[in-house]
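To keep things clear, I will list the structure first and then write my remarks on it.
The values are calculated or read from the model by the stated rules, or taken from the named source; none is laboratory data. These numbers were taken from a predicted model, which means no experiment stands behind them. Backbone-built Cβ (ideal geometry, glycine too); neighbour counts: all protein chains shown. For the accessible areas, the whole protein counts, side chains as well, though only heavy atoms, and no ligand, DNA or RNA atoms are used. Shrake-Rupley method; radii C 1.70, N 1.55, O 1.52, S 1.80 Å.
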Amino acid sequence: MHRHEPSGSGVQLPPLWEHLAHPRTRAVMSIQNAVLAATRDLLGTEGFIELLPPVMGPVTDPGIRGSKQIDVDYYGHRYRLMTSAILYKQAALLNHERVFFVAPNIRLEPLETASTQRHLCEFHQLDVEMAGATRQDAMAMAEKIVLNAIRRVLDTAATQLGKVGRNTAALADAAAKPFTSVTHAEAVKLLHNAGCPQDEASELSWKGEALLSAIVGTPFFVTDYPKGSRGFYDRESTEVPGLLRNFDLIAGEGYGELASGSEREADYARIVLRMRETGENPAKYAWYLGMMKQGIPASAGFGIGLERLVRYIAGLESTWEASAFPKLPGIVSP
């Protein structure tokens, strides 16, 4: 049987026909459908409107942890496929005060990420943005989405969970508890004590996130990442300079990161400064900065990796199992 794999990765994908027709994939796609339905229902009741995000533009999110952007020729202009819709989420607040996307993202991840069980080159995010919101508002909404999705799947897709062998007791336990929170500095200390060195000025490593996820056991937040570890759009704290008003949401049971979010920087002068501090050329972001000058609402928001959320809820070994048409780093596939 022919299988596609990147050189040296040891990771294999089944032929597409086999993957799509397999009963396990059918069960996972039913779980994914329940997650999407639950999320759309919840956000609708919370006053959000769903908009359709762009798939290319003159610039995209630069904060993508070592992956590469893909250029396309747009009538003689160099455009980029979207690695994240964050800039467009902020712009969309001129249309409605509460918006969300189910946004496709394309990133050429480093080859070594093929074996992390977490990374895809093509994936979707549940992108949420709220005008006038704080970090705490965004964290509360992210928690509500995840808990609502877990409960919907437990209520309506228990048969599918059984087909993929999910430990539903662990899932029900996660759904019964409010999410806890630690700061980045506290997370670094916990990992140091567990024998997993971390750079105090950087994001947590993928290995560190997975280990911390296993230690804590149920979903939790990591807040206050250091300035320089994230993109220019994360707002710096005015009370504690050098720390960002942001967060990650980490799943339990060793599944690692599910979401990232923050309060957004909305001041034109400060965001130009942050761009320069992070090595970005403000001239590349002319359309975005032009809108910022006109006045984009201050906001907070987040993006939840849909396939990662489904992987966690379904208890899958790898994130690619949560995609009908998976694309892993280095693997040439349909």
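For this structure, a couple of remarks:
- Residue match in segment 160-180 (condition: of a type in the set (D, E, K, R), touching a helix residue (DSSP H, G or I) at 6+ places or on another chain (Cβ under 9 Å), open to solvent by 80 Å² or more (accessible area, probe 1.4 Å) and without any contact (Cβ under 8 Å) to a residue 40 or more places away in the chain): no
- Residue within segment 281-289 that is more than 30 Å from Phe179 (Cα to Cα), open to solvent by 10 Å² or more (accessible area, probe 1.4 Å) and in contact with a Lys or Arg (Cβ under 9 Å, 6 or more places away or on another chain) present: yes
- Tabulated pairs, segment 275-298, first touching a residue at least 12 places away in the same chain (Cβ under 8 Å), second of a type in the set (D, E, K, R), C-beta under 8 angstrom, 6+ apart or interchain: Glu277/Lys227; Pro297/Glu97; Ala298/Glu263; Ala298/Arg264
- Strands (runs of 3 or more DSSP E) wholly inside segment 66-130 containing at least 2 residues that are under 14 Å from the mean Cα position of the chain (by Cα): 98-106
- Scan of segment 41-53 for residues that are surrounded by 17 or more Cβ atoms within 10 Å (Cβ to Cβ) and either in a strand (DSSP E or B) or under 17 Å from the mean Cα position of the chain (by Cα) (or both), ordered by number: Pro53
- Scanning segment 298-334 for residues that are open to solvent by 40 Å² or more (accessible area, probe 1.4 Å) and assigned to a loop (DSSP other than H, G, I, E, B) gives Ala298, Glu317, Phe325, Lys327, Gly330, Val332, Pro334.
- Qualifying residue in segment 196-219 (condition: modelled with pLDDT of 95 or more and in a strand (DSSP E or B)): no
- Failed criterion for Gln136 (all others in (1) touching a residue at least 12 places away in the same chain (Cβ under 8 Å); (2) surrounded by fewer than 24 Cβ atoms within 10 Å (Cβ to Cβ) hold): (1)
- Subset tally (residues that are open to solvent by 40 Å² or more (accessible area, probe 1.4 Å), among the small types (Gly, Ala, Ser) and within 16 Å of the chain's Cα centre (by Cα)) for segment 202-258: 1
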